[in-house]
Amino acid sequence: MKSEPEAASSDYRRIAKAIEFIADRAGSQPTLGEIAMHVHLSPYHFQRLFCRWTGVTPKRFLQILTLEHAKALLRQAKPLLEVSDAIGLSSASRLHDHFVRLEAVTPGEYKTGGAGMIIEHGIHRSPFGRVFIAATPRGICSLSFLAGPGDDGQPGRLHRSWPHAALRRNPARTRGLVNVIFGEGGKPDRPLSLHVHGTNFQINVWKALMKIPAGRVVSYGDVARVIGHPHSARAVGSAVGANPVAFVIPCHRVIRQSGGLGGYQWGETRMHAIHAWEIARSEA
């Protein structure tokens, strides 16, 4: 019998195939029967799959994926960010639904490249495919979705970021972190810590993203305004693209002013899936 994370990961492959099918036919949304046929399931079993994976019906899921729905969410972003701005980027209040604390790498740690530090890492299943996760003693420093079964280059990329740290595979530790991040381990009894390095501008962008609740979206320009750089939407886009901790720093909640979801570093199909999955759960 499959575990819950394994079943969710298996479901995601079908969901991703369905999303790609829908996106190719954006002008006229396909029927339940057409989508089910494309993923080689009966309409009944496809409906059950959607309800198990998203918590809503396929019809509601398709509504969430529309451009009109994204634009409606963007119209709600202004009051959301005004509240975030009033809280302040340095606030110790709840940053988002996982209760996350972000710590920047110190200049000394950056200069030494992690010398004397042990970074533990592992690969695990998630509702959106396999993920690579790594953590220093101070918190998660990397989380990436893997492109496919042969995507095994993450330890090398981690080494380039922390050239003098000792990298150690330890899935027993990292599995617990993944379970908490994707809601499999119950509510944590302490803040989930991130330990990342970036410029001051990037850190401020990432902290701003963490104020966006699940099921809501903002534009790059909205983020630029809330961090005090109203003319830096393009730079915000670059900072979003440099996000080292997928999903936890929710760069998937930033979309184009037009309502389009393009530009996600882990693939537009996965961004559609995460976006709809979160919205469905926030509305349940």
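The numbers here are math on the coordinates, done by the rules we state, and not lab data. All figures in this text were calculated on a predicted structure; none of them were measured in a lab.
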Rounded if a/c is under 1.5, else prolate if a/b is larger than b/c, else oblate: which is the stretch 205-264, with a ≥ b ≥ c the root eigenvalues of its Cα gyration tensor?
-> rounded
Stokes-Einstein D in µm²/s, Kirkwood radius over Cα pairs - the stretch 4-65 at 25 °C with 0.890 mPa s viscosity = 211
Entries of K17/K211; K17/K71; K59/K211; K111/K207; K71/K211 with Cα pairs more than 27 Å apart | K17/K211; K59/K211
